[in-house]
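Presented below is the structure to which this report refers.
The values are calculated or read from the model by the stated rules, or taken from the named source; none is laboratory data. Here the structure is a predicted model, which means the values were calculated and not measured. Counting neighbours? That spans all protein chains shown, and the Cβs are built from the backbone with ideal geometry, glycine included.
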């Protein structure tokens with residue numbers, strides 16, 4: 001199904017019955033990424049709301065570069081349009097950053113918050129500056145005739161393996177949005193969260209390490225941290241049944 005919110009065409013799903021929850025996918029993901037999790041939740045008696053965040057999946061790419069606040073505002077409008085009353089919110093990775101913004105803004109009624117391997121703590125905020133300078137230097141060096149042909153290959157390898165910024169190179173249509181996102185640290189928003197929160201984290205997460213989960217646990221007043229042994233950043237994608245059980249335990253007990 002489709003709807004238009006803030007002049008952006010949004011693809012979404014609503015299904016199930018019972019406790020309402022909205023699922024927010026990670027950067028580069030979509031509703032498709034979380035379909036297995038949504039199915040497990042429906043089995044447990046949840047009414048699931050899902051949407052492709054702007055620029056991902058089947059939703060339109062906004063005409064302007066988005067910030068975390070822009071994503072939060074759009075999700076809030078989506079919830080207001082299709083739901084009345086309190087709702088739980090689940091966010092994975094980048095979706096967790098958006099969920100944090102929403103919970104801290106208090107524009108909609110959230111009764112539970114689940115942050116799974118959430119991003120948003122920028123321990124290396126210089127990365128945005130580094131990305132820009134690195135790109136400029138690369139263009140200058142590889143503008144030379146003898147090197148021009150290998151530029152695409154070297155550029156991809158550099159971002160993938162040296163800077164470890166695969167998301168930046170894989171989503172060039174959203175590079176300004178990406179720069180906006182990684183330049184904002186959500187730590188100041190954490191103390192504003194007043195709902196019961198579950199921090200669900202993979203022990204071996206290299207993208208958003210457990211050290212960041214510990215910071216969130218410290219800053220969010222009513223929060224509990226559960227670290228999952230041997231799991232990585234893709235926990236809700238690889239073990240949706242386990243994640244659904246943890247969500248069920250939080251929301252219904």
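Numbers below:
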read-out	value
Unmet criterion (only one of (1) modelled with pLDDT of 95 or more; (2) part of a helix (DSSP H, G or I)) for residue 173	(1)
Filter result (on the phi < 0 side of the Ramachandran plot and within 11 Å of the chain's Cα centre (by Cα)) within segment 83-100	90, 91, 92, 94, 95, 96, 97, 98, 99, 100
Among residues of segment 62-86, those that are touching a residue at least 60 places away in the same chain (Cβ under 8 Å) and in contact with a helix residue (DSSP H, G or I) (Cβ under 6 Å, 6 or more places away or on another chain), counted	4
Test for residue 120: is it surrounded by fewer than 16 Cβ atoms within 10 Å (Cβ to Cβ) and on the phi > 0 side of the Ramachandran plot	no
Any hit, segment 46-58, residues being in a loop (DSSP other than H, G, I, E, B), out of contact with any helix residue (DSSP H, G or I) (no Cβ under 7 Å at 6 or more places or on another chain), farther than 25 Å from residue 246 by Cβ and modelled with pLDDT of 95 or more	yes
Test: residue in segment 9-19 that is more than 24 Å from residue 240 (Cα to Cα) and either touching a residue at least 24 places away in the same chain (Cβ under 8 Å) or under 14 Å from the mean Cα position of the chain (by Cα) (or both)	yes
Test: residue 63 is buried (at least 17 other Cβ atoms within 10 Å of the Cβ) and in the same structural domain as residue 234 (by TED's automatic domain parsing)	no
Test: residue in segment 196-206 that is assigned by TED's automatic domain parsing to the domain that holds residue 39, surrounded by fewer than 17 Cβ atoms within 10 Å (Cβ to Cβ), modelled with pLDDT under 95 and closer than 14 Å to residue 116 by Cα	yes
Matching option when the condition is in a loop (DSSP other than H, G, I, E, B) and either more than 16 Å from residue 103 (Cβ to Cβ) or modelled with pLDDT of 95 or more (or both), among 226, 221	221
All positions within segment 75-108 that are part of a loop (DSSP other than H, G, I, E, B) and surrounded by fewer than 21 Cβ atoms within 10 Å (Cβ to Cβ)	83, 84, 85, 86, 106, 107, 108
Residue in segment 158-170 that is within 16 Å of residue 92 (Cα to Cα) and modelled with pLDDT under 95 present	yes
